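The values are calculated or read from the model by the stated rules, or taken from the named source; none is laboratory data. Computed from a predicted structure; not experimentally measured. Every residue, glycine as well, gets a Cβ built from its backbone with ideal geometry; the counts of neighbours run over all protein chains shown.
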2 protein chains.
Amino acid sequence: MAENKIPRATAKRLPIYYRYLNILHDSGKLRVSSNELADAIHVDSATIRRDFSYFGALGKRGYGYDVNDLIEFFKNILHQDRLTNVALIGVGNLGHALLNFNFHQDSNIRISAAFDTNPKNINTIQGGVPIYPMDKMVTQLKEQQISVVILTVPSNVAQKVASQVSEAGVSGVLNFTSIRLSLPDDIRVHNVDLTNELQTLIYFIEHYDKKSE
Amino acid sequence: MAENKIPRATAKRLPIYYRYLNILHDSGKLRVSSNELADAIHVDSATIRRDFSYFGALGKRGYGYDVNDLIEFFKNILHQDRLTNVALIGVGNLGHALLNFNFHQDSNIRISAAFDTNPKNINTIQGGVPIYPMDKMVTQLKEQQISVVILTVPSNVAQKVASQVSEAGVSGVLNFTSIRLSLPDDIRVHNVDLTNELQTLIYFIEHYDKKSE
């Protein structure tokens, strides 16, 4: 498939495109130009046209892009036509915030289970999500066919918990800990390191002139 | 300066390098090879050597890199030799979690003020950070010479608050809301969109074979 070859930077913009196209759709818009999209999402229009071109000629010169066609296209590409079961592991401050986080309404992401060691949390429901004890984790991940986990445990147990998760058939880990996890190659790990985000922002402020994503 | 031309992907890895070099230093290590670094942080060694080469020939073949030299170098590049004053705006669940978040001990980042509308939060201290009412925001940002703000307000007020922030001399915004902010070109905005992070992870699981950052 052609989409196997798209640059990572393009892949990371796909959810942004998808979300704004849904907003346009809800406001009754039938077509959109790359310039209009560029203004709305603060990505320059040449980048948008190049991104879209990886998926074939989706637009027509002088007409722009058909909003519904694009939505259907991205919905499929992003697997938004299927529900992805997500679990959260570690209900501290950050885990608690993510359980109550309002993931975009147009996304197909639902956290369906959480796991924690704290007796005050176990067997409660937070943000609509049941919290199980850690010793039920592997069983529940398998039974609920969970493919993605959000890891918000303390750093000192991150590798141990991640290794257990890898035995439960999970395909991806969104890692909020500061540890770089060692996991089998068939498990994809994305790191969201908040200290790094701040340090990188400060680096860019000091070393680059123009703002951007 | 040569460093003005380094790729963004390289810039984003600098804080990771810096952090692991400090860990090596604390364990008494004086030199390190790109292969050792590669194993520790899960970035391939060719990428590490290329990243480092943007800053001149820092290593010697057969010897590796001098840990202290690298630390001093990255400390300067990342402005870790100066304290950056950071404020957080919006103390909901996510804001609360970030106030109590353990930013790496080797970082120079301190949240020194927070702002909120909720009377229960105003004039309290959370995670060691005083919380001020919103109508004190512009004054406090200026008085405390805050250069970076973390935006964790509800999406429906994000643009309004960001516009006020831009009047207070702030250089950068770490935006956790789902809104793409419109701000003057001299203010740098980095977006941390947690729905996008999850959607992108799912996209990569479905469309790519190997794991990676």
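Figures for the structure shown
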read-out: Count of segment B:114-140 residues which are under 14 Å from B:Gly90 (Cβ atoms) and under 23 Å from the mean Cα position of the chain (by Cα); value: 7
read-out: Among the residues listed as A:Ile111, A:Ile146, the single one being in a strand (DSSP E or B), within 17 Å of the chain's Cα centre (by Cα) and hydrophobic (A, V, I, L, M, F, W, C); value: A:Ile111
read-out: Qualifying positions in segment A:114-129 - of a type outside the set (A, V, I, L, M, F, W, C), at pLDDT below 95 and part of a strand (DSSP E or B); value: A:Gln126
read-out: Scan of segment B:8-17 for residues that are more than 8 Å from every other protein chain (Cβ to nearest Cβ), touching a residue at least 40 places away in the same chain (Cβ under 8 Å) and within 15 Å of B:Lys75 (Cα to Cα), ordered by number; value: B:Tyr17
read-out: Within segment B:149-170, considering residues that are within 10 Å of chain A (Cβ to nearest Cβ) and of a type in the set (Ser, Thr, Tyr), the one farthest from the chain's Cα centre (by Cα); value: B:Ser155
read-out: Residues of segment A:186-197 satisfying the condition of being over 15 Å from the mean Cα position of the chain (by Cα) and either more than 7 Å from every other protein chain (Cβ to nearest Cβ) or modelled with pLDDT of 90 or more (or both); value: A:Asp186, A:Ile187
read-out: Which numbered condition A:Phe103 fails, given (1) away from every other protein chain (no Cβ under 11 Å); (2) closer than 26 Å to B:Leu98 by Cβ; (3) at pLDDT below 80; value: (1)
read-out: Lone qualifier among A:Asp116, A:Asp135 - being of a type in the set (Asp, Glu), buried (at least 18 other Cβ atoms within 10 Å of the Cβ), farther than 14 Å from B:Leu198 by Cβ and in the same structural domain as A:Gln159 (by TED's automatic domain parsing); value: A:Asp116
read-out: Boolean, A:Val173 is among the aliphatic types (A, V, I, L, M), within 7 Å of another protein chain (Cβ to nearest Cβ) and more than 30 Å from B:Ser166 (Cβ to Cβ); value: no
read-out: Failed item, numbered, when A:Ala97 is tested on (1) out of contact with any His (no Cβ under 8 Å at 6 or more places or on another chain); (2) at the interface with chain B (Cβ under 9 Å from one of its Cβ atoms); (3) aliphatic (A, V, I, L, M); value: (1)
read-out: Lone unmet requirement of (1) within 27 Å of B:Leu37 (Cβ to Cβ); (2) outside any loop (DSSP other than H, G, I, E, B); (3) touching a helix residue (DSSP H, G or I) at 6+ places or on another chain (Cβ under 9 Å) for A:Lys160; value: (3)
